[in-house]
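The values are calculated or read from the model by the stated rules, or taken from the named source; none is laboratory data. Because the structure is a prediction, the values reported are computed rather than measured. Cβ coordinates were reconstructed from backbone atoms using ideal geometry, including for glycine residues, and neighbour counts include every protein chain displayed. Surface areas here come from the heavy atoms of the whole protein model, side chains and all, with no ligands, DNA or RNA. Shrake-Rupley method; radii C 1.70, N 1.55, O 1.52, S 1.80 Å.
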There are 2 protein chains.
Amino acid sequence: MQNQQIVLSGRPNGMVKANDMALHSAPAPELHEGQLLVKNHFLSVDPAIRYWLNAGMTYIRGVDIGEPVRCFAAGEVVASRADGFFVGQWVTGLFGAQEYAISDGSGVVRCDPADGSLSLHLGVLGMPGMTAYFGLLDKGQPQAGEVVFVSGAAGVVGTTVGQIARLKGCRVIGSAGSDEKCRYLVEAGFDAAFNYKTEGTDAALKRLAPGGVHIYFDNVGGDTLDAALLNLARGARVVICGALSQYNESAYAGPKNYMKILTARGILTGLIVFDYALQWPTAVRELAGWLREGKVSTREVIEPGLKHFPDALVRLYQGGAFGKLLVAV
Amino acid sequence: MQNQQIVLSGRPNGMVKANDMALHSAPAPELHEGQLLVKNHFLSVDPAIRYWLNAGMTYIRGVDIGEPVRCFAAGEVVASRADGFFVGQWVTGLFGAQEYAISDGSGVVRCDPADGSLSLHLGVLGMPGMTAYFGLLDKGQPQAGEVVFVSGAAGVVGTTVGQIARLKGCRVIGSAGSDEKCRYLVEAGFDAAFNYKTEGTDAALKRLAPGGVHIYFDNVGGDTLDAALLNLARGARVVICGALSQYNESAYAGPKNYMKILTARGILTGLIVFDYALQWPTAVRELAGWLREGKVSTREVIEPGLKHFPDALVRLYQGGAFGKLLVAV
């Protein structure tokens, strides 16, 4: 049996390109005691993937040349010699951009089909949803009546943050890179959304949040972070989730307005979602409930075919897709 | 009666120069109901003064051209038509670089001669001491056994931070810009000090704090802040106090390694010392006790004569003085 893979063929320099990756066929991996074999159905196309492609500048090891591109995937167990896993079970994990993955079960999340369809377990019910949930609720500590600003808001993390913030009684402002995305955000329940390509973030925040921003949930870094720092309300929490604008840069632009954190009597903090692993099941159940009740909605874009993974990753950074971007294997 | 003043004669562009300021003689101010007249004995030469000389980029109004340079001063009340102030009383406040100041009493601190000499009330018993005390103890929350790194450590804030951290059972590392300052820091009780001009901060921290820094007390910003971010221990607190390396720059260099705050599961926060005004008397008493017991020590450099204020301010940024720099009026 052969295993089709998308492997890293060259170390990306700056913006990732489709030909930094290549389709490769390898023998299907052999199952040893204590392992499970997963057939991937969906690959998750996430901003963090670009970060993992850098050599040695990350909180987990960078992807090696020739290795399948690291990504989250959702699939079913097709063989198991590991305790606690059974054939037919739905699982997600860092299975990589390939048809079949071997795992020793570490980091593997068991999914309950009752919570939602398999692909949702990579989005609003998976790592992005957990990032939104714990980043906003634990790090951001939203209080009713506060103003929450989310950048990169049309991504699944951003949209989920905004929708949870609304549930907590906050006024929610989102930024995104097209008018179409902004319309989507308002339909999804945001109080306001602006297209940062046609209105500067600083001007938009002064217009939409004249009293300042209490929580800034930062998915992008760069100029947007700097503009948000100019518009903090007293006691603001800046929650750093990602730096989408910076992952393709060799050195990050630091927030030159960081002293505004002092004058706002605020804090800057961040989120490593894996720290909340033990609390995921509770959070998934709560999010699944909100989904069923229509209080949280989500948008999936599913590209058909493993070979489209490189193009999908490039498109993610070009801002051409929004919602949750997936590749069906 | 004439009032000698050092006024702002031109808006500084980049590094402040002595001729951005001028000696000026004005009529002594007239005392109205509700006011007190203070004769300044000592002017405090502080890093923040440069920040106040910028137009409109500060948490308090910038100093206008022709206005006395804003600074803290210590003096005695020579006339009072205000409740709660009496002739002969020791006071400190933002009295400015001049012989005589009128005040309505707002922001004026009454000093107890029993706590220490008048000049100390501008240093270890004044705003710098309070900045060290609350920045370290409230924002930093030091725990015994933790590693504390202080930059700009030979200034009165830095030295006091280090000495209080030692009292709390921390291991304390300081950086400063000369070997002489480093020797002073070790004499003052620091576990280690390094000259950042001869050893890079990143290398020094890897040598002196291989397990990482739990509290970074940042007086300087810039490259030092970036190097400290590379060396955070898990759960680290980065306490931004000042940005001495940046005050003379038109735009601040942001900390390009800010994402390290996430991976360290840390926070970045800062301190506005005026927020603790109600708690100052208690803190002054505790610091005065530590001074008497020899647990905290301090170094004063006193320049004689109001006219030397501009040179003293320039020297502060050139790193030529250390300890608490004062001008005797």
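Right, A:L326: more than 7 Å from every other protein chain (Cβ to nearest Cβ) and within 18 Å of A:G155 (Cα to Cα) or not? Please lay out each step first, then the result.
Numbers: more than 7 Å from every other protein chain (Cβ to nearest Cβ): yes; within 18 Å of A:G155 (Cα to Cα): yes.
Considered against the rule, which asks whether it is more than 7 Å from every other protein chain (Cβ to nearest Cβ) and within 18 Å of A:G155 (Cα to Cα), A:L326 comes out as yes.
For the range B:254-276, enumerate the residues that are aliphatic (A, V, I, L, M) and within 21 Å of the chain's Cα centre (by Cα). Let's see the steps before the verdict.
If we filter the range B:254-276 for residues that are aliphatic (A, V, I, L, M), which is where we start, we get B:259, B:261-262, B:264, B:267-268, B:271-273.
Hits for the range B:254-276 are B:L268, B:L271, B:I272, B:V273.
Output the residues belonging to the range A:181-192 that are farther than 19 Å from A:G212 by Cβ and either open to solvent by 20 Å² or more (accessible area, probe 1.4 Å) or not in a loop (DSSP other than H, G, I, E, B) (or both).
The answer is A:K181, A:C182, A:R183, A:Y184, A:L185, A:V186, A:E187, A:G189.
The rows are residues; the columns are (1) open to solvent by less than 40 Å² (accessible area, probe 1.4 Å); (2) within 14 Å of chain B (Cβ to nearest Cβ); (3) without any contact (Cβ under 8 Å) to a residue 60 or more places away in the chain.
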position	(1), (2), (3)
A:L36	yes, no, no
A:A79	yes, no, yes
A:F86	no, no, yes
A:T92	yes, no, yes
A:F95	yes, no, yes
A:Q98	yes, no, no
**Report entry** Residues of the range B:245-261 classified as of a type in the set (D, E, K, R) and either more than 7 Å from chain A (Cβ to nearest Cβ) or in contact (Cβ under 8 Å) with a residue 60 or more places away in the chain (or both), total
**Finding:** 2
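Using the structure shown, decide if A:Y276 is hydroxyl-bearing (S, T, Y) and either touching a helix residue (DSSP H, G or I) at 6+ places or on another chain (Cβ under 7 Å) or free of Cβ contacts under 8 Å to residues at least 12 places away in the same chain (or both). Let's see the steps before the verdict.
Working: hydroxyl-bearing (S, T, Y): yes; either touching a helix residue (DSSP H, G or I) at 6+ places or on another chain (Cβ under 7 Å) or free of Cβ contacts under 8 Å to residues at least 12 places away in the same chain (or both): yes.
Yes, satisfied.
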Query raised in the report: Which of the residues spanning the range B:146-175 are open to solvent by 10 Å² or more (accessible area, probe 1.4 Å) and under 24 Å from A:I267 (Cβ atoms)?
Result: B:E146, B:V147, B:G152, B:V157, B:K168
**Report entry** Flag for B:W52 being open to solvent by less than 50 Å² (accessible area, probe 1.4 Å) and touching a residue at least 12 places away in the same chain (Cβ under 8 Å)
**Finding:** yes
Report task. Identify all residues within the range A:149-180 that are outside any helix (DSSP H, G or I) and basic (K, R); write none if there are none. Result -> A:K168, A:R171
Query raised in the report: What is the number of the single condition among (1) over 24 Å from B:G129 (Cβ atoms); (2) of a type outside the set (D, E); (3) open to solvent by 70 Å² or more (accessible area, probe 1.4 Å) that B:R285 does not meet?
Result: (1)
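Checking the condition more than 8 Å from chain A (Cβ to nearest Cβ) and crowded, with 22+ Cβ neighbours inside 10 Å, which residue from B:A264, B:A277 passes?
Among B:A264, B:A277, only B:A264 is more than 8 Å from chain A (Cβ to nearest Cβ) and crowded, with 22+ Cβ neighbours inside 10 Å.
Just to be sure before I move on: is B:R61 at pLDDT below 95, open to solvent by less than 10 Å² (accessible area, probe 1.4 Å) and not in a strand (DSSP E or B) in the structure I sent? Talk me through it step by step, then tell me what you get.
Working: at pLDDT below 95: yes; open to solvent by less than 10 Å² (accessible area, probe 1.4 Å): no; not in a strand (DSSP E or B): yes.
Considered against the rule, which asks whether it is at pLDDT below 95, open to solvent by less than 10 Å² (accessible area, probe 1.4 Å) and not in a strand (DSSP E or B), B:R61 comes out as no.
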Query raised in the report: Taking the condition in contact (Cβ under 8 Å) with a residue 40 or more places away in the chain, surrounded by fewer than 20 Cβ atoms within 10 Å (Cβ to Cβ), among the polar types (S, T, N, Q) and more than 14 Å from every other protein chain (Cβ to nearest Cβ), does B:S178 pass?
Result: yes
Query raised in the report: When you go through (1) surrounded by 14 or more Cβ atoms within 10 Å (Cβ to Cβ); (2) more than 24 Å from B:M127 (Cα to Cα) one by one for B:H32, which number turns out not to apply?
Result: (1)
Query raised in the report: For B:K307, which of the numbered conditions (1) over 22 Å from B:G129 (Cα atoms); (2) at pLDDT below 95 fails to hold?
Result: (2)
Requested in this report: Give the range B:113-145 a look and list any residue that's outside any helix (DSSP H, G or I), in contact with a strand residue (DSSP E or B) (Cβ under 8 Å, 6 or more places away or on another chain) and surrounded by fewer than 23 Cβ atoms within 10 Å (Cβ to Cβ), or say none.
Outcome: B:Q141, B:Q143, B:G145
Query - Residue match in the range B:64-81 (condition: at pLDDT 95 or above, under 22 Å from B:D275 (Cα atoms) and not in a loop (DSSP other than H, G, I, E, B)) - result: yes
Query raised in the report: Of (1) more than 10 Å from chain B (Cβ to nearest Cβ); (2) β-branched (V, I, T); (3) under 16 Å from A:L136 (Cα atoms); (4) open to solvent by less than 60 Å² (accessible area, probe 1.4 Å), A:V314 satisfies all except one. Which?
Result: (3)
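Considering every residue within the range A:303-310, establish whether at least one is open to solvent by less than 30 Å² (accessible area, probe 1.4 Å), within 21 Å of A:Q98 (Cα to Cα) and of a type in the set (A, V, I, L, M). Break it down stepwise before answering.
First, the residues of the range A:303-310 that are open to solvent by less than 30 Å² (accessible area, probe 1.4 Å): A:305-306, A:309-310.
Still in the running and within 21 Å of A:Q98 (Cα to Cα): A:305-306, A:309-310.
From what's left, of a type in the set (A, V, I, L, M): A:306.
Checked against the condition, which is being open to solvent by less than 30 Å² (accessible area, probe 1.4 Å), within 21 Å of A:Q98 (Cα to Cα) and of a type in the set (A, V, I, L, M), the range A:303-310 yields at least one hit.
Within the range B:292-302, which residues are open to solvent by less than 40 Å² (accessible area, probe 1.4 Å) and over 24 Å from B:K39 (Cβ atoms)? Walk me through how you get there before you give the answer.
Filtering the range B:292-302 down to residues open to solvent by less than 40 Å² (accessible area, probe 1.4 Å) leaves B:296, B:301.
Passing the criteria: only B:V296.
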Report task. Residue by residue through the range A:58-79, note down the ones that are in contact with a Phe, Trp or Tyr (Cβ under 8 Å, 6 or more places away or on another chain) and over 24 Å from A:L306 (Cα atoms). Result -> A:T58, A:I60
Report summary line: Restricting attention to the range B:17-51, the residues that are at pLDDT 90 or above and in contact with a Phe, Trp or Tyr (Cβ under 8 Å, 6 or more places away or on another chain) number exactly 9
Query raised in the report: What is the residue count in the range A:5-29 for residues that are charged (D, E, K, R) and open to solvent by less than 40 Å² (accessible area, probe 1.4 Å)?
Result: 1
Query raised in the report: Name the residues in the range A:211-244 that are within 13 Å of chain B (Cβ to nearest Cβ) and more than 19 Å from A:A132 (Cβ to Cβ), would you?
Result: A:G222, A:D223, A:D226, A:A227, A:L229, A:L230, A:L232, A:R234, A:G235
